1. For segment 192-235, give me the residue count where each residue is free of Cβ contacts under 8 Å to residues at least 60 places away in the same chain, surrounded by 13 or more Cβ atoms within 10 Å (Cβ to Cβ) and more than 20 Å from residue 178 (Cβ to Cβ).
2. Residues of segment 124-181 being in a helix (DSSP H, G or I), in contact with a His (Cβ under 8 Å, 6 or more places away or on another chain) and surrounded by fewer than 16 Cβ atoms within 10 Å (Cβ to Cβ), which ones?
3. Out of segment 1-54, which residues are of a type in the set (Asp, Glu), more than 19 Å from the chain's Cα centre (by Cα) and closer than 22 Å to residue 186 by Cα?
4. Please go through (1) surrounded by fewer than 18 Cβ atoms within 10 Å (Cβ to Cβ); (2) modelled with pLDDT of 95 or more for residue 98 and return the number of the only condition it doesn't satisfy.
5. Among the helices (runs of 4 or more DSSP H) lying completely within segment 1-118, list those that include at least 3 residues that are aliphatic (A, V, I, L, M) and in contact with a Ser or Thr (Cβ under 6 Å, 6 or more places away or on another chain).
6. Look at segment 130-173 and say how many of its residues are among the charged types (D, E, K, R) and farther than 21 Å from residue 64 by Cα.
7. Return the residues of segment 6-18 that are surrounded by fewer than 16 Cβ atoms within 10 Å (Cβ to Cβ) and either among the hydrophobic types (A, V, I, L, M, F, W, C) or in contact with a helix residue (DSSP H, G or I) (Cβ under 9 Å, 6 or more places away or on another chain) (or both); say none if nothing qualifies.
8. Within segment 94-145, which residues are aliphatic (A, V, I, L, M), under 30 Å from residue 233 (Cα atoms) and out of contact with any Leu (no Cβ under 6 Å at 6 or more places or on another chain)?
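The values are calculated or read from the model by the stated rules, or taken from the named source; none is laboratory data. As the structure is a computational prediction, the values presented were derived from the model and not from experiment. In this analysis, Cβ positions are derived from the backbone assuming ideal geometry, glycine residues included, and neighbour counts consider all displayed protein chains.
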Amino acid sequence: MDLAEFITKIEGVGISDGLENYFRGHSDYTFKLEPSVYRNGLITSEDKIFKEAIIRTPYEFQHHKSTCEKLVKMQHYGIPTRLLDITSNPLVALYFACNEYPEKDGEVVFFQVPANFIKYYDSDSVSALSNLARQKANFECDFTKMSIRKFNRQTHMGFLHHSIKEEKPYYQEIIHPADLESVFVVKAMFDNARIINQQGLFMLFGIRSNKNFSATVPIEWVLNMMRPEVNFKIPAKDKLKILAQLEVNGIGESTLFPEIEYQGSHLKQKYAKVK
């Protein structure tokens, strides 16, 4: 595969009414669609990770009012969160599918997400799922059929409501059970150059019954799974060639990672004399 072939495949899919297209690059096609806090048993310490990050670098969060904003900042610096990075630019996803693990096949995951699952950063649903990060490891609630009023009166739901009201005093203490079990695409504020350059968004994951079990991305969102003839797997042998083609077209480390430490890495590679 090369860049031209990839673009042709993407263009062939098109846009569907009521759906928005998003992408994620996996440098190893076996990677799962799960947020980093659900890997390696980290979920049992999610609330501690959240608090420790703020305690250790309070100046980084002093202008961030909501938990969602804080999670986005943490994700930016590689702290495990319940967010998963995605992009609206398929070429950015292609870069991430190629930039690591040169010996492994990569993949661009193509999502078509219904509009009602796409939220802005200040949505009440986003506040609910974001503040799960602040709840203790034993947080749980009963999702069996009951009235919304009864669902919201469960003991642990009270703790979640309290966390939300800290950032939204007007909040009415009503969460729909389906929201808490969902995955939403969040349009966060473009408050740093990396998000802007990567045309970044996030998937925000809810839970199933308790914090130990993450909500899952609906299979019907993933075009690769629903349309087997649309294959976005990137052969390992083609990764370096595609990275070079992307660089010519303005997609590379220096553009996607504008922070100075990445600029240094890029300049060393660019001007190093090969003996």
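1. The qualifying residues number 1.
2. 148
3. Within segment 1-54, just 17 meets the criteria.
4. Of (1) surrounded by fewer than 18 Cβ atoms within 10 Å (Cβ to Cβ); (2) modelled with pLDDT of 95 or more, only one is false for residue 98: (1).
5. Hits in segment 1-118: none.
6. 8
7. Across segment 6-18, the qualifying residues are 7, 13, 15, 18.
8. 94, 97, 109, 113, 115, 118
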